[in-house]
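The values are calculated or read from the model by the stated rules, or taken from the named source; none is laboratory data. The model shown is predicted, which means the values in this text are computed figures rather than measured ones. A quick note on method: Cβ atoms are made from the backbone with ideal geometry, for glycine too, and the neighbour counts reach across all protein chains shown. In case anyone asks, the SASA skips ligands and DNA or RNA and just uses the protein heavy atoms, side chains included. Shrake-Rupley method; radii C 1.70, N 1.55, O 1.52, S 1.80 Å.
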Amino acid sequence: MAMSGLVSTRNFGHFIGSGILCRGEQAILLHRGERSSLAVVHGNIVKPISVSPNGRQFILLSLHHSDKSHRVYPQHRSKGSFACCSFSSSSPGGWLEAGDKDKIVENRTSAFYKSEEYDITEAKLDSLPSPDETNEAILVERDIPWWQSFPKRWVIVLLCFAAFLLCNMDRVNMSIAILPMSKEFNWNSATVGLIQSSFFWGYLLTQILGGIWADKIGGKLVLGFGVVWWSVATVLTPIAAKIGLPFLLIMRAFMGIGEGVAMPAMNNLLSKWIPVSERSRSLALVYSGMYLGSVTGLAFSPILIHKFGWPSVFYSFGSLGSIWFALWLRKAYSSPEEDPELSQEEKKLIMGGSLSKEPVKVIPWRLILSKAPVWALIISHFCHNWGTFILLTWMPTYYNQVLKFNLTESGLLCVLPWLTMAAFANIGGWIADTLVSRGLSITAVRKIMQSIGFLGPAFFLTQLSYVRTPAMAVLCMACSQGSDAFSQSGLYSNHQDIGPRYAGVLLGLSNTAGVLAGVFGTAATGYILQRGSWDDVFKVSVALYIIGTLVWNLFSTGEKILD
């Protein structure tokens, strides 16, 4: 606890504004355990007074009156700080003048504050009697825990990160559990491909709807609904599988319905909460939650299956959604205007950009679909997701069939590419925001980052035909996925660039194409493997990556084209 000086003045109006105390009511010190605060007594009424600026707490503890005046002396007010000093003055009230510097005799201390949150305009404090007939005011500075001053916009980002962590945990557990399930139920490769693709049936249905709902009613409700829905579907998956294949396909489609609204809702939330200067970093962190969710799911699923059987992964992962939902209800808001706890300083930072935070009433579909950059997003998203979803759903099978790893080894080795993606997504986000802050155009940054996200995976997948050892194959997979993660600062950030008001709808639109790539690509892989080889699977992905690179660099932009 740090003392910031003695302050005794006359006529306390607004403490920060004038620094004046006067005689009138009586001031008393209240104690509650280890906490204390100042209160004003007027007749039979006791009125506590405390002040809590951002990151600090100031409480007046005692008052002593003397012939000296002690006032608050402002230092660098524009930067949000002030100093408390003890000095002699013959004139009442007001700030120190430049010539009064020699009157400062002791105890100068600086502390941060926010004047717009410090508003005690009518309070009047009188003195406490003391044996020497003096009155003093002591201002005590208390540190507030870091988690109470943590930026609220990044609380939203971290909660979205956690939602996407659960999203991919619940999604990838099937890619591990499908191996013992196919043995138990005698499924062939085509059936396995059908089951893997059934998730995308529901996922496809709610992409555009999720974006419309999020833009119209807010991202909080839509994302909360999605997490609860897919968590329940995850828990019910083993029961559906034991009833029969049609029920399993329906349940996986139901799970896709819940996860389908997640990305549009998240994009809507971040378009309202995150300023342009932090866009790439925030999106990269949220999407790295998906990658770490894959890591967690692929790492723990084999362990749970080995100890408790394959149904355990669905029961355990699905139940985690309830914990997240409880935190979401307490901490999240659809926009800064709705959050009563948001500081004025942070609200100004968020709202100071050029983004429109007003809710959308009508979606201008004709205008949206007439723009070439929108179609560049749609086509590029399709090309990107073809390769990504094949690796997401078929990688454990590739390790098991081609590299001859067992179930546990397949799950653990699948972790490495997703760890690489989580790391490189955030590295790419920082690089992109740094380039923008140094004056490089947003268009150039998006094209550079997405070109890496396309050409990197294409190059490393072509090398899989030439490697001779499992270690090199895993390394190629990791490098492919790591370079793929630069897409988070490319096409995945572009929706908010070209149409911030319709960020949810735009992501829903382009991700619909991405989901179609998942549906067709995942199912087609099963048929290709029945008639061809893994080299054929990778050649299709490489061809689509090259097409995506050309389309993106010819037609995409980082400028706002939709108001």
- Message: For the list (1) in contact (Cβ under 8 Å) with a residue 40 or more places away in the chain; (2) more than 18 Å from the chain's Cα centre (by Cα); (3) outside any helix (DSSP H, G or I), I need the number of the one condition that Pro340 fails.
- Response: (1)
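Find the residue count for region 264-278, including only residues that are open to solvent by 10 Å² or more (accessible area, probe 1.4 Å) and either in a helix (DSSP H, G or I) or touching a Lys or Arg at 6+ places or on another chain (Cβ under 6 Å) (or both).
Initial filter on region 264-278 (open to solvent by 10 Å² or more (accessible area, probe 1.4 Å)): 272, 275-278.
Restricting the remaining residues to those that are either in a helix (DSSP H, G or I) or touching a Lys or Arg at 6+ places or on another chain (Cβ under 6 Å) (or both) gives 272, 276-278.
Number satisfying all stated conditions: 4.
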- Query: Among all residue pairs at least 6 apart or on different chains, which show Cβ distances below 6 Å where the first residue, located in region 488-500, is under 20 Å from Trp418 (Cβ atoms) and the second is charged (D, E, K, R) and assigned to a helix (DSSP H, G or I)?
  - Reply: Gly490/Arg446
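Condition check ((1) farther than 15 Å from Thr388 by Cα; (2) part of a helix (DSSP H, G or I); (3) at pLDDT below 90) across all residues:
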site	(1), (2), (3)
Thr420	no, yes, yes
Ala423	yes, yes, no
Ile427	yes, yes, no
Leu440	yes, no, no
Arg446	yes, yes, no
Met449	yes, yes, no
- The condition of being at pLDDT below 90, closer than 18 Å to Gly387 by Cβ and within 28 Å of the chain's Cα centre (by Cα) holds, among Gln496, Gln481, only for Gln481
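Could you check region 279-311 and list, in sequence order, the residues that are among the small types (Gly, Ala, Ser) and either part of a helix (DSSP H, G or I) or open to solvent by less than 10 Å² (accessible area, probe 1.4 Å) (or both)?
Going residue by residue through region 279-311, those that are among the small types (Gly, Ala, Ser) are 280, 282, 284, 288-289, 293-294, 297, 299, 301, 309.
Ser280, Ser282, Ala284, Ser288, Gly289, Gly293, Ser294, Gly297, Ala299, Ser301, listed by residue number.
Could you grab me the full set of residues in region 182-191 that are part of a helix (DSSP H, G or I) and within 24 Å of Gly532 (Cα to Cα)? Don't jump to the end; show me each part of the working.
Quick first cut of region 182-191, residues part of a helix (DSSP H, G or I) only: 182-185, 189-191.
Those that are part of a helix (DSSP H, G or I) and within 24 Å of Gly532 (Cα to Cα): Ser182, Lys183, Ser189, Ala190, Thr191.
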- Task: Working only within region 532-545, note down all residues that are modelled with pLDDT of 90 or more and touching a helix residue (DSSP H, G or I) at 6+ places or on another chain (Cβ under 6 Å).
- Result: Ser541, Val542, Leu544, Tyr545
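Go through region 463-488 and give me each residue that's surrounded by fewer than 17 Cβ atoms within 10 Å (Cβ to Cβ) and either within 25 Å of Ser280 (Cα to Cα) or of a type in the set (Val, Ile, Thr) (or both). Write out each step before concluding.
Taking region 463-488 as the starting set, the residues that turn out to be surrounded by fewer than 17 Cβ atoms within 10 Å (Cβ to Cβ) are 463, 465-472.
Within region 463-488, Val467, Thr469 meet the criteria.
Would you confirm, using the coordinates I've provided, whether Ala517 is under 28 Å from Trp213 (Cβ atoms), small (Gly, Ala, Ser) and in contact with a Cys (Cβ under 8 Å, 6 or more places away or on another chain)? Break it down into steps so the answer makes sense when it comes.
Numbers: under 28 Å from Trp213 (Cβ atoms): yes; small (Gly, Ala, Ser): yes; in contact with a Cys (Cβ under 8 Å, 6 or more places away or on another chain): yes.
Yes: the conditions hold for Ala517.
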- Working carefully through the options Val222, Val232, Val276, find the one that is in contact (Cβ under 8 Å) with a residue 40 or more places away in the chain and farther than 30 Å from Glu345 by Cβ. Val232
- Note on the structure: Selection over region 188-212 where residues are under 14 Å from Leu245 (Cα atoms), open to solvent by less than 50 Å² (accessible area, probe 1.4 Å) and in contact with a helix residue (DSSP H, G or I) (Cβ under 7 Å, 6 or more places away or on another chain) yields a count of 8
- Query: So which residues in region 385-412 are aliphatic (A, V, I, L, M) and modelled with pLDDT of 70 or more, if there are any at all?
  - Reply: Ile390, Leu391, Met395, Val402, Leu403
- Task: With the condition kept exactly as written, say whether any residue in region 236-258 is open to solvent by less than 10 Å² (accessible area, probe 1.4 Å) and under 29 Å from Ile350 (Cβ atoms).
- Result: yes
